[in-house]
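The values are calculated or read from the model by the stated rules, or taken from the named source; none is laboratory data. Predicted, not measured: the structure shown is a model, and the values here were computed from it. FYI the Cβ positions are ideal-geometry reconstructions off the backbone, even for glycines, and counts take in every protein chain you see. For accessibility, only protein heavy atoms count, side chains too; no ligands or nucleic acids. Shrake-Rupley method; radii C 1.70, N 1.55, O 1.52, S 1.80 Å.
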Amino acid sequence: MISGMAGRYAGSLFELARDAKSISTVEADLGRFEKLLSDSADLQRLIKSPVFSADDQFKAISAVLDKAGITGLVGNFLRVVAKNRRLFAVPQMIRGFRQIAAAERGETTADVTSAHALSAAQEKELKASLKEVAGKDVSINITVDPSILGGLVVKMGSRQIDTSLKTKLNSLKLALKEVG
């Protein structure tokens with residue numbers, strides 16, 4: 001689980017969502033905000049930069065949330081986070097919320113990095129393979145990173161499986177240096 005400040009915020013949001021019986025809605029809204037964040041360099045700069053005052057961050061986040069239609073628990077939560085000058089930790093809070101929600105459902109979470117987007121069939125096969133390894137259902141968070149060239153990097157708990165072409169080429173390069 002995520003510890004520290006981000007973990008406390010994620011835990012609080014989860015408790016509120018559970019009490020309101022809206023865990024899946026909150027998870028979906030957090031996913032929408034995360035997508036906005038990954039698609040906008042300006043929004044990333046807003047949450048990471050200490051130059052913006054709490055009031056500026058609050059106004060900007062409120063405008064973004066209103067425009068995106070993110071209301072309810074997640075909208076209020078992100079506004080409180082902005083007021084408390086904790087926006088820099090929102091990605092960790094989202095990750096923490098997902099881990100808590102997955103644990104509540106009896107799942108474990110795997111972060112998967114792929115060189116290209118996976119098809120639905122590939123995702124299903126990957127989930128089945130990870131379920132065999134973990135011994136329970138696995139929810140996967142997929143990130144596309146073309147720099148790994150091919151293969152997958154899977155992080156599940158404290159384990160990491162790196163079958164990326166980039167890592168294999170780097171290993172080969174290192175082995176060739178040792179021989180020469």
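Looking across region 23-51, the residues that are open to solvent by less than 60 Å² (accessible area, probe 1.4 Å) and either assigned to a loop (DSSP other than H, G, I, E, B) or among the β-branched types (Val, Ile, Thr) (or both) come down to 23, 26, 40, 47, 49. With 65, 30, 37, 46 as the choices, which residue is under 27 Å from residue 100 (Cα atoms), touching a helix residue (DSSP H, G or I) at 6+ places or on another chain (Cβ under 6 Å) and free of Cβ contacts under 8 Å to residues at least 40 places away in the same chain? Result: 65 is the single residue among 65, 30, 37, 46 that is under 27 Å from residue 100 (Cα atoms), touching a helix residue (DSSP H, G or I) at 6+ places or on another chain (Cβ under 6 Å) and free of Cβ contacts under 8 Å to residues at least 40 places away in the same chain.
Take the conditions (1) closer than 24 Å to residue 107 by Cα; (2) at pLDDT below 90; residue 155 misses just one of them, which is (2).
Among the residues of region 131-142, is any open to solvent by 70 Å² or more (accessible area, probe 1.4 Å), touching a residue at least 12 places away in the same chain (Cβ under 8 Å), assigned to a strand (DSSP E or B) and not charged (D, E, K, R)? Can you show your working first?
Pass one, region 131-142, residues open to solvent by 70 Å² or more (accessible area, probe 1.4 Å): 131-133, 136-137.
After this cut, where a residue has to be touching a residue at least 12 places away in the same chain (Cβ under 8 Å) as well, the list is 133, 136-137.
Next, only the ones that are assigned to a strand (DSSP E or B) stay: none.
No.
Anything in region 52-78 that is surrounded by fewer than 17 Cβ atoms within 10 Å (Cβ to Cβ), assigned to a loop (DSSP other than H, G, I, E, B) and within 22 Å of the chain's Cα centre (by Cα)? List them, or say none.
Residues of region 52-78 that are surrounded by fewer than 17 Cβ atoms within 10 Å (Cβ to Cβ), as a first pass: 53-56, 59, 62-63, 66-69, 71-72, 76.
Next cut, assigned to a loop (DSSP other than H, G, I, E, B) only: 53, 69, 71.
Across region 52-78, the qualifying residues are 69, 71.
Per the listing 6, 82, the residue uniquely in contact (Cβ under 8 Å) with a residue 60 or more places away in the chain, among the small types (Gly, Ala, Ser) and open to solvent by less than 70 Å² (accessible area, probe 1.4 Å) is 6. Residues in region 13-22 that are part of a helix (DSSP H, G or I) and open to solvent by 40 Å² or more (accessible area, probe 1.4 Å) were compared, and the one that is farthest from residue 142 (Cα to Cα) is 19.
So is residue 101 under 29 Å from residue 32 (Cβ atoms), at pLDDT 90 or above, in contact with an Asp or Glu (Cβ under 8 Å, 6 or more places away or on another chain) and small (Gly, Ala, Ser) or not?
yes
Return yes or no: is residue 112 open to solvent by less than 60 Å² (accessible area, probe 1.4 Å), farther than 30 Å from residue 64 by Cβ, in contact with a strand residue (DSSP E or B) (Cβ under 8 Å, 6 or more places away or on another chain) and in a strand (DSSP E or B)?
Working: open to solvent by less than 60 Å² (accessible area, probe 1.4 Å): yes; farther than 30 Å from residue 64 by Cβ: no; in contact with a strand residue (DSSP E or B) (Cβ under 8 Å, 6 or more places away or on another chain): yes; in a strand (DSSP E or B): yes.
Spelling it out, it is not the case that residue 112 is open to solvent by less than 60 Å² (accessible area, probe 1.4 Å), farther than 30 Å from residue 64 by Cβ, in contact with a strand residue (DSSP E or B) (Cβ under 8 Å, 6 or more places away or on another chain) and in a strand (DSSP E or B).
In the set 124, 168, only one residue is surrounded by 14 or more Cβ atoms within 10 Å (Cβ to Cβ) and either at pLDDT below 90 or out of contact with any His (no Cβ under 9 Å at 6 or more places or on another chain) (or both); that residue is 168.
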